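**Q** Take a look at this one; I'll ask things after.
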Amino acid sequence: MRSFLVGRFTAPLGRPTTEEGLRPQGRFVVLVGPDGVGKTSVARALLAHYRGPATYFHFLPPLDGRWQAAPDPTSVPRPKARGGGSVMLGWIRLVRNTVRCWLGYVKSVRPALKRSCLVVGDRWMYGYLVQPEAMKFHGPDRLARAVLRLLPRPHLIVNLSAPPYVIRQRKQELTLSQIEQELLAWSSLRMPNVKTLDATRSPEDIAVEILVALASGGRTDRVA
């Protein structure tokens with residue numbers, strides 16, 4: 001049954017309807033969730049199953065259109081431990097990364113979407129809401145939310161979730177308490193186009209469900 005679905009729904013996503021005629025033709029999906037939940041594996045499965053052009057980026061999209069061929073687990077930074085830091089420097093980084101996201105979107109993401117490309121991103125800027133310490137951001141939560149409202153939104157945000165003990169088996173350096181806190185934080189992400197999926201299933205099955213949702217118009221928001 002799964003092989004049928006893979007063949008049925010991984011053809012290039014269709015062109016926009018008449019009312020969407022001036023909008024990008026591709027789809028932009030972002031994977032979120034705690035470290036060790038399987039985002040990299042799902043991203044690889046998405047790129048493998050999608051028959052059209054597909055690209056990937058971690059956190060910030062490229063400025064020159066040179067996409068990663070596939071996710072590289074060794075390049076994913078670990079969240080920093082909780083601690084103090086300069087509030088002003090955190091705000092400066094937030095503004096810098098916001099500008100960098102918009103430039104990457106305009107120069108790389110939007111052209112890819114116009115080519116009917118599937119763009120897969122890891123976390124985008126949502127870490128500012130869930131893992132502010134990892135982003136070296138020590139400002140108020142409302143500031144991060146206000147800035148994120150200015151960014152283009154993905155067609156779909158996939159929140160991958162699994163029992164803490166499952167993630168603990170993959171990330172021994174994390175305690176169960178840390179994992180539980182991250183799971184709770186990601187599950188509290190208040191965005192209109194979030195879809196939570198069970199990450200204990202195979203990455204291939206998850207990828208198929210994501211592609212089916214995108215191909216059937218399952219998105220709940222539009223890219224700006």
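**Q** Could you work out the Kirkwood radius for the stretch 95-143, taking every pair of different alpha carbons, averaging 1/r and inverting it, reported in Å? Mind showing how you got there, number by number?
**A** Numbers: mean 1/r = 0.0813 Å⁻¹.
It is 12.3 Å.
**Q** Accessible surface of His49 in the full protein assembly, 1.4 angstrom probe, to the nearest 10 Å²?
**A** Per-residue accessible area (His49): approximately 40 Å².
**Q** Accessible area, 1.4 Å probe, largest first: how do Ser216, Ser202 sort? Please report the intermediate quantities before stating the final value.
**A** Numbers: Ser216 85, Ser202 40 Å².
Correct descending sequence by accessible area is Ser216, Ser202.
**Q** Taking the Cβ of Pro163 as the centre, find all other residues whose Cβ is under 14 Å away and add up their charges (Lys, Arg: +1; Asp, Glu: -1).
**A** Details: positive: Arg168, Arg170, Lys171, Arg201; negative: Glu180, Glu182, Asp198.
Computed value for this residue: +1.
**Q** What percent does the relative contact order of the stretch 128-224 come to when contacts are Cα pairs within less than 8 Å and at least six residues apart? All intermediate terms of the calculation are to be shown ahead of the outcome.
**A** Details: 82 pairs, mean separation 36.8, N = 97.
About 38 percent, as a whole number.
The values are calculated or read from the model by the stated rules, or taken from the named source; none is laboratory data. Worth saying up front: this structure is predicted, and the values here are computed from it rather than measured. Cβ sites come from the backbone with ideal geometry, for glycine too, and all protein chains shown count toward neighbours. With ligands, DNA and RNA removed, areas are computed over all heavy atoms of the protein, side chains included. Shrake-Rupley method; radii C 1.70, N 1.55, O 1.52, S 1.80 Å.
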